[in-house]
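Reviewing the structure listed below.
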Amino acid sequence: MRPLFSMFNAVALVLLSLCALAYKVVQLPPSTPQPPKLTVGATSGVSVVLYFSDTQVRNFVRQMRTVQVAQNVPVAVAQASVKAWAAGPTGSGAVAVVPSGSAVPRVWLRGDHFVVNLPASYADLNYGASGERMLLCSLVRTLLERRGKDVMFLVNTQNVPTLLGHADLSAPYAREDCADE
């Protein structure tokens, strides 16, 4: 009869024990990482130019405004500019392009191209052709004042042919598309 505790059996038993231990360690759930502590950094004021309508909805009215941004990066400045644009003009001589309290469009920047997601409520504004052009072009001029080549519009994250049935949204708007007449 062969011995039960041979050298081969002892080594095999140690290896089997190590494999069982390794299997248990691998099966343990990972520890939950602690989220980093978020701190609101100091904001800085950036001077921007916003465009609104005149009372006749024919010409653009230019206003300088200082917006607060946490990071002075183009997309943050653009989003802050659009938020100030949606809030409306300060002072006299200019008219807000969207009603007070309207949702703020979301802005993305891809290279030199802005993408603006207009809220679904903008499609219910019941503007005519000049009002729709003023809405789109005041946004285009506001965004392209500092940088960028063009602005593409989405409505409620969807590509649509027009906003209110007048202006074509299938192609991006450049500075030249919104020049003074």
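The values are calculated or read from the model by the stated rules, or taken from the named source; none is laboratory data. Just so we're clear, the structure is a prediction, and the values are computed from it rather than from any experiment. Cβ atoms come from the backbone with ideal geometry, glycine included; neighbour counts cover every protein chain shown. Ligands, DNA and RNA are stripped out before the accessible areas are found, and what is left, the full protein with its side chains, is counted by its heavy atoms. Shrake-Rupley method; radii C 1.70, N 1.55, O 1.52, S 1.80 Å.
Numbers below:
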read-out: 3J(HN,Hα) from dihedral phi, the stretch 138-144, Karplus parametrisation 6.51/-1.76/1.60, rounded to Hz, x for glycine, proline; value: 5, 5, 4, 5, 5, 6, 7
read-out: Residues whose placed amide H lies under 5 Å from that of Arg106, excluding near-sequence neighbours; value: Asn117
read-out: Using alpha-carbon coordinates, inclination of helix 74-87 to the longest axis of the chain, degrees; value: 50
read-out: Extreme residue, positive dipole direction of the chain, given options Leu13, Val46, Pro74 (C-beta unit charges); value: Leu13
read-out: Reach of Lys149 by Cα under 13 Å, taken over aspartates and glutamates that are not fewer than 8 positions away in the same chain; value: Asp112, Glu176, Asp177
read-out: For the chain, the fraction of alpha-carbon pairs in successive 10 Å shells from zero, as %; value: 8, 29, 24, 8, 5, 6, 6, 6, 5, 2, 0
read-out: Solvent exposure ordering (accessible area, 1.4 Å, most first) of Phe5, Phe114; value: Phe5, Phe114
read-out: Between the stretch 33-76 and the stretch 77-130, the Cα center-to-center distance that results, in Å; value: 12
read-out: Å² of accessible area per residue within the stretch 22-181, as computed with a 1.4 Å probe and no ligands counted; value: 59
read-out: DSSP beta bridges in the chain [antiparallel fraction, %, rounded to 5]; value: 75
read-out: Expected 222 nm ellipticity per residue - DSSP helices of 4 or more, -39500 (n - 2.57), all of the chain, to 500; value: -9500 deg cm²/dmol
read-out: Length added when fully stretched, His113-Gln71, from 0.36 nm per residue minus Cα-Cα; value: 13.2 nm
read-out: Histogram of C-alpha separations across the stretch 1-69, 10 Å bin width, %; value: 14, 14, 13, 10, 9, 9, 9, 9, 7, 4, 1
read-out: Gain on full stretching of the segment that runs from Met7 to Arg147 - 0.36 nm per residue minus C-alpha separation; value: 42.7 nm
read-out: Contour excess over end-to-end distance, with Cα ends at Asn156 and Lys83 and 0.36 nm allotted per residue; value: 24.6 nm
